[in-house]
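The values are calculated or read from the model by the stated rules, or taken from the named source; none is laboratory data. The model shown is predicted, which means the values in this text are computed figures rather than measured ones. Positions of Cβ are generated from backbone atoms using ideal geometry, with glycine treated the same way; all protein chains shown enter the neighbour counts. The accessibility values were calculated without ligands, DNA or RNA, using every heavy atom of the protein model including side chains. Shrake-Rupley method; radii C 1.70, N 1.55, O 1.52, S 1.80 Å.
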Amino acid sequence: MMTKYKYFLLAALVLCGVASCVDNDDDIPLNYYQSKKVTAAGFLEADKEQFSEFTAILKRTPYFSMLSTYGEFTLFAPNNEAIGKYLKKMGYGTIDNIPTATCDTLARTHIIKKGAFFTTDVGEGALPELNMDDAYIVLSSDSDVTNHNALIYYVNKNSRMVDYNDSVTNGVVHVINNVISSSSLLLPDKIAEDPSLTIFAQALRLTGMADSLNKYIDEKYTCSEDSVHEGVMVRCTSGSALYTRSFWPEKRYFKYTAFVEPDSVFHAKGINNLDDLKAYAKKIYDETYPEDAGLYDDDPKLRKNPLNRFVSYHLLPRVGQYNSWVMSGDLREHCWYTSLSDPEEFYETMCPGTMMRFAGPPAGLFINRKGLQNRFTVRGVKVLSPSESGSVDQNALNGVYHYIDDILAYTTQVRDVVLNCRIRIDATVLSPDFMNCNGRGRYGEDILTGFKNKFITDWKVSDETYVGVHSDVGYWNSYQANAVCISGVFDVAFKLLPVPSGTYEIRLGYTVGEERGVVQVYLNNEPCGIPVDLRVYGPDPNIGWVEDTDDEEENTANDKAMHNRGYMKGMDSYRPWDADGPLRNNNWNLRRVLATQYLDSNKTYYLRFRQVLDDPDRYWSFDYIELCPKSVYGSPEGEDTH
């Protein structure tokens with residue numbers, strides 16, 4: 001907070017570099033070296049030999065004019081060769097034969113309206129913003145062996161960039177050799193279409209879990225154009241900039257992710273058909289759930305059936321691209337001390353009472369891994385990147401699937417070893433809706449994605465409450481550079497993830513601010529002690545925060561004294577962008593122990609936060625929750641500070 005102005009100014013410079021801010025300055029680069037002061041529309045018109053066909057398509061829509069105006073666009077421009085292949089494939093004789101509505105869809109598929117993104121902004125995975133058709137643009141790469149192993153970039157696997165990073169006055173243009181296609185298939189059908197996934201696809205149908213992946217748009221949800229396009233100013237910060245603009249999603253989507261073993265992975269384990277998979281699932285899940293062994297084997301559609309548990313553990317009710325599951329990119333490089341811990345996140349699966357632990361780079365993306373960097377006690381299952389997954393486009397209309405390199409299951413080792421850890425959950429993952437509209441992970445803009453109170457899965461929200469997800473801004477003094485901002489005389493409750501049964505400390509990670517008020521916390525409507533005053537800084541005698549010294553024994557003693565008061569410092573494994581040190585050094589980044597409670601994996605628990613002060617200008621910047629098992633917080637060695 002004391003250095004927020006410095007971070008704000010730094011971030012303004014950083015975001016202009018990373019998100020490629022462009023205007024009419026003299027040093028707009030073309031391929032980073034030359035200058036060409038034209039708009040994206042002008043870029044197309046200046047090269048009729050390459051873009052006359054795509055230009056003709058755009059001129060049948062409102063979007064050519066849009067690309068002539070001020071803004072920050074990313075345009076994927078199919079060349080004439082690409083349009084020719086599209087016409088032949090679709091059976092259109094000429095551009096004039098394409099229906100107007102199809103031209104409109106084609107245009108929106110190839111334009112990102114918010115942000116100019118270069119190939120250097122995303123090494124592997126989805127771009128931070130959706131295209132104008134509300135779909136992800138996924139980049140992958142390969143080496144060109146005929147050209148000194150130069151990188152070749154692909155868009156959604158099948159469109160090669162023949163030229164890229166052409167800066168224009170209102171964004172950037174990438175030239176592609178195939179039209180980007182959008183799948184009209186729902187996720188189960190997309191999986192069934194993949195010839196390498198026959199065993200899993202059969203199991204998905206047999207268990208009935210395919211039917212659980214068929215929703216797409218919530219027809220009950222509506223939002224005014226003003227809320228979508230104009231937004232409102234909402235109080236969600238402190239200091240000189242008290243308000244941030246909030247926009248609401250135009251549509252509410254139901255989306256899903258599947259992590260799927262190719263047949264080759266099953267074959268390597270002696271699983272060659274559906275019957276073999278049933279036998280494997282029974283062996284695993286009879287051991288994990290001995291109380292259910294033999295009781296539900298006859299009906300694969302029962303949720304306690306072993307095959308049903310096996311399949312549903314592969315599924316999540318939210319969409320996540322390869323680079324969406326844990327912090328990645330520049331924020332990871334600048335903010336995470338990867339020598340102390342791997343970037344991690346935890347998610348509930350569609351198998352009742354279970355969760356996954358994700359660990360990210362530099363080792364790669366893994367599920368249920370326990371270790372640090374390239375050292376591990378449990379390897380887990382590797383998620384293949386887009387570049388490692390071949391040429392198949394894995395994006396469906398309502399989700400995505402990822403290949404994995406080993407069999408994924410909720411084993412006793414996962415339950416008792418991998419998840420026997422401090423489970424730190426960023427607030428922005430506590431509802432699938434925060435990810436399904438691209439609210440979580442939006443980077444480079446100081447904005448909020450607002451959510452209507454009755455349309456937030458796993459949350460209960462009062463009418464007087466505003467809930468919004470803040471975009472990732474590196475200078476924020478909060479874990480993962482984001483927060484769920486909650487304001488008004490609020491009263492909210494959200495569902496906790498289903499941890500393995502045991503005794504846990506339930507903790508709140510938060511940032512202090514004089515404008516944030518006082519909250520009473522409840523666990524399943526039972527009060528968790530006295531209210532938490534979000535305005536009180538660490539050095540207060542009731543908290544006992546003391547700056548670290550060079551004496552580790554003294555630091556440990558201070559931590560213990562602070563913990564005895566029900567508080568902890570922030571972690572030492574994360575820092576704001578270019579800060580002098582980690583959150584642990586800040587007396588305004590605190591953790592509060594809310595309750596010590598036995599949690600049963602078969603029961604549902606809600607944490608409720610009620611603003612005690614009757615002041616509509618109060619707000620809470622909700623950072624993260626920790627669920628720490630007794631084996632960790634009560635271990636003889638003591639809990640680490642990471």
Which distance in nm do the two modelled labels at Glu553 and Lys301 give, with both placed 7 Å along the Cα-to-Cβ direction? 6.7
Given axes a ≥ b ≥ c from the Cα gyration tensor, I'd like to know whether the chain is rounded (a/c under 1.5), prolate (a/b larger than b/c) or oblate. oblate
Can you return the aspartates and glutamates within cross-link range of Lys85? Criterion is Cα-Cα under 15 Å, with same-chain partners fewer than 8 residues away left out. Glu53
Please get the size of the charge dipole for region 386-476, origin at its Cα centre, with Cβ charges of +1 on Lys and Arg and -1 on Asp and Glu, quoted in debye to the nearest 20. 300
Accessible surface of Tyr403 in the full protein assembly, 1.4 angstrom probe, to the nearest 10 Å²? 20
As I understand it, the dipole of the chain uses +1 on the Cβ of Lys and Arg and -1 on the Cβ of Asp and Glu, about the Cα centre. Which of Pro352, Asn374, Phe73 lies farthest toward its positive end? Pro352
What is region 527-621 by shape, rounded, prolate or oblate, if you read a ≥ b ≥ c off the alpha carbon gyration tensor as root eigenvalues and call it rounded for a/c under 1.5, prolate for a/b larger than b/c, and oblate otherwise? prolate
Under a 1.4 angstrom probe, counting protein chains only, how are Lys382, Lys48, Lys37 ranked by accessible area, largest first? Lys48, Lys37, Lys382
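Any idea of the accessible area per residue across region 407-548, 1.4 Å probe, to the nearest Å²? Walk me through the intermediate numbers first.
Details: 4080 Å² over 142 residues.
That works out to 29 Å² per residue.
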For the chain, the dipole about the Cα centre with charges only on Cβ (Lys and Arg +1, Asp and Glu -1), to the nearest 20 debye, works out at 1260
Not counting ligands, DNA or RNA, and with a 1.4 Å probe, what is Phe43's accessible surface area in Å² rounded to the nearest 10? 20
Would you work out what percent of the accessible area of the chain, with all protein chains in place, is carbon or sulfur (probe 1.4 Å)? 49
Here the FRET efficiency for Ser501 versus Arg375, based on Cβ atoms and R0 = 25 Å and rounded to 0.05, is 0.30
What is the sum of charges around Leu627, taking Lys and Arg as +1, Asp and Glu as -1, for the other residues whose C-beta is under 10 Å from the C-beta of Leu627? +1
If you roll a 1.4 Å probe over the heavy atoms of the protein chains, what accessible area per residue do you get for region 183-223, in Å²? 48
Using the Cβ atoms and a cut-off under 9 Å, what net charge is assigned to the surroundings of Ile95, where Lys and Arg are +1 and Asp and Glu are -1? -1
Keeping every protein chain in place, order Ser387, Ser573 by accessible area at 1.4 Å, biggest value first, i.e. largest first. Ser387, Ser573
Could you rank Leu274, Leu627, Leu151 by how accessible they are, 1.4 Å probe, largest area first? Leu151, Leu274, Leu627
Among Trp588, Tyr624, Asn555, the residue whose Cα sits farthest towards the positive end of the charge dipole of region 507-642 (+1 at Cβ of Lys and Arg, -1 at Cβ of Asp and Glu, taken about the Cα centre) is Tyr624
Accessible area per residue of region 313-396 at 1.4 Å probe, in Å²? 31
Sequence neighbours fewer than 8 away in the same chain don't count; with that in mind, list the aspartates and glutamates whose C-alpha is under 13 Å from Lys283. Asp275, Asp292, Asp297
Does region 401-498 come out rounded, prolate or oblate, given a ≥ b ≥ c as the square roots of the eigenvalues of its C-alpha gyration tensor, rounded meaning a/c under 1.5 and, failing that, prolate meaning a/b above b/c? prolate
How charged is the neighbourhood of Phe366? Take every other residue with its Cβ under 9 Å from the Cβ of Phe366, and add Lys/Arg as +1 and Asp/Glu as -1. +3
Listed residue (Phe200, Ile447, Leu599) projecting farthest to the positive dipole end of the chain, Cβ model: Phe200
Past 20 Å, Cα to Cα: identify those pairs from Lys454/Lys603; Lys113/Lys215; Lys304/Lys603; Lys278/Lys301; Lys255/Lys454; Lys190/Lys452, in the order given. Lys454/Lys603; Lys113/Lys215; Lys190/Lys452
Subtracting the Cα-Cα distance of Tyr598 and Ser631 from 0.36 nm times their residue separation yields 10.6 nm
